[in-house]
C-alpha cells in the first residue's frame, strides 16, 4: 500500500475498532490506480461528526453540519466525512441539507464522476460500485448516474470534467459532453473564484489543448468572464505550451496576451484576481510587447524591469517562438541581471537627504531626477557606486543639473 495511505491508516483503525465503517475515498484512490502522485487522503466513515470529535484528540470543525471534520494525525490534516446523502441543490452549487447515513454505496452515489466514486478499505481492496476502474482503463470521464442531474446539482462539475481531461489526458464520455453543452449556461450561477481555480488547473494540464477545444465545442467559454465572442482568440491558445509556464503571473499574462481585451485591468478584475497579480501581469505585458517590437535586453531595461518581470516576459516571448532557445535566453537574462552593479535603488550608496545636503538646494522633484541620473550613470559604468564618487559626480553636474536632468 502507498505510504500516504499507510500514514493515514491509524485513523481508519481507530474508527473501525470503535465499531464504525471507514474507507479511503475520492481522488487519492483514483490516483493510486493511475499510479499518479497522491495528494490529500480523504476518509469516509459511518461515524457521525460528534462521534469523530470524541474519538480523536486533535480535530478541527470545518463543516460538521455537512459531515466533515479535520483530524490531525502526526500534524497532518485528514478530511474525515460522515456517509451522507444530499437533498435538492440550491443555486446549482450546494445542497439545501444533508442526511447522515450508514451506507458507503449511497455516499459514493452522490459523487461527481465514476473515477472519483471509488473507495478502498483498510486492507487495500477497491470498492467500485459504478465502474470507475473500467472508466479509468478506457480513459473516460463519466458522471455517476445521469449527467444532467449531476451538473444541475453543482454546475462547477462541468468545468471539473474538462479540467480532468486536461490533467489526466482522458476524454469525455458522449453523454457527459452533450450534457455539458446543454447545461453550460448554469455556470453563470457559479462564483468567479471557483471558476478561476478550475481554469488555472485546466491550463496547467498536459492535455490543455483538448480541454480548450472542449470549452469551445461545448460553448462553456461563453459563461466565463471576458470570453464572450472570443472564439478565435481562444483557438490561438492552442499553439502555446502552457506546461512551461512557472507561476500565476505568467499564466494570466499569457491569457491576456492572447485574449487581447480592450482593458487588461478590467479583464483581470472580471476574474476577481488580486490587485498585486494584476499589476504584475500589466508589467509583464509591457516588457513582452517591447521584446515583440524588437527590443533586446540592456542593462537599463533589465534594471527597470526587475528580474521577475524580465524572466517572465522572456519566457513567454521565447515560447511564442519555437521555444527551442528558451533556456539559453533565460540564462542570458540571468547573466545580464547578475552583472548589474546595482539591482535596486536601495543599493545606492547615497540617500536623498545626502543629495540635498551636497547640492545645497531645497527638496523637490529634482531629487528624484538626480537619483535616476545616478542610477543610469552607475549602470552605464560611468560612475562607481561609492558615496564619495557620487558626491563628486553630483557637484560636477551642479551648474546645469536641473536643466539637464
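Going by Cα centres, segment 1-77 and segment 251-268 are how many Å apart?
The two parts, judged by their Cα centres, are 41 Å apart.
How far, in degrees from 0 to 90, does helix 3-17 lean away from the longest principal axis of the Cα atoms of the chain, to the nearest 10?
40 degrees
Out of all DSSP beta bridges with both ends in the chain, state the antiparallel percent to the nearest 5.
For the chain, the DSSP antiparallel bridge percentage is about 85.
Under 8 Å for C-alpha pairs, at least 6 residues apart: give me the relative contact order for the chain, rounded to a whole percent.
Over the chain, the number comes to 8 percent.
Once every Cα of segment 123-257 carries one equal point scatterer and solvent is ignored, give the base-10 log of I(q)/I(0) from the Debye formula at q = 0.12, 0.20, 0.22 Å⁻¹, two decimals.
-0.47, -1.21, -1.41
Counting other C-beta atoms within 10 Å, which of 129, 317, 257 has the fewest, and how do the rest follow?
129, 317, 257
I want to verify a result. In a Gaussian network model of the chain, Cα cutoff 10 Å, which of these has the top mean-square fluctuation: 220, 388, 228?
388
Could you work out the mean projected area of the convex hull around the alpha carbons of segment 299-346, in square nanometres to one decimal?
Working: hull surface 12.6 nm².
If you wrap the Cα atoms of segment 299-346 in a convex hull and average its projections, you get 3.1 nm².
In whole angstrom, note down how far apart the Cα centers of segment 290-350 and segment 218-239 are.
First find each Cα centre; the distance between them is then 31 Å.
At 7 Å along Cα-to-Cβ for each site, give me the label-to-label distance between residue 351 and residue 260 in nm.
Each label point is offset 7 Å from its Cα along the Cβ direction, giving 5.0 nm.
Kindly express, to the nearest 10 degrees and within the range 0 to 90, the angle between helix 275-292's C-alpha long axis and the longest C-alpha principal axis of the chain.
Between the helix axis and the principal axis of the chain, the angle is about 60 degrees.
Indicate the gyration tensor shape class of the chain (rounded, prolate or oblate), computed on the Cα atoms with a ≥ b ≥ c the square roots of the eigenvalues: a/c under 1.5 is rounded; otherwise a/b larger than b/c is prolate and the rest oblate.
prolate
Taking the number of other C-beta atoms within 10 Å as the exposure measure, put 150, 315 in order starting with the fewest.
Listed from fewest to most nearby Cβ atoms, that is 150, 315.
How far is helix 192-203 tilted, in degrees, relative to the longest principal axis of the Cα atoms in the chain, given as a value from 0 to 90 rounded to the nearest 10?
80 degrees
In a Gaussian network model over the chain where Cα atoms closer than 10 Å are linked, find which of 159, 277, 292 has the largest mean-square fluctuation.
292
Residue 243 versus residue 65, label points 7 Å from Cα toward the beta carbon: distance in nm?
Between residue 243 and residue 65, the label points sit 4.4 nm apart.
Decide, for segment 243-340, between rounded, prolate and oblate: order the square roots of the alpha carbon gyration tensor eigenvalues as a ≥ b ≥ c, take rounded if a/c falls under 1.5, and otherwise choose prolate if a/b is larger than b/c, else oblate.
prolate
Which of rounded, prolate or oblate describes segment 1-132 when judged by the alpha-carbon gyration tensor and an a/c cut-off of 1.5? Could the numbers behind the result be given before it?
Values: a/c = 1.56, a/b = 1.07, b/c = 1.46.
Verdict is oblate for segment 1-132.
Since every read-out is calculated from the coordinates, none of them should be taken as a lab result. None of the values given here were measured: they were computed from a predicted structure. Note that we place each Cβ from the backbone using ideal geometry, even for glycine, and neighbour counts take in every protein chain shown.
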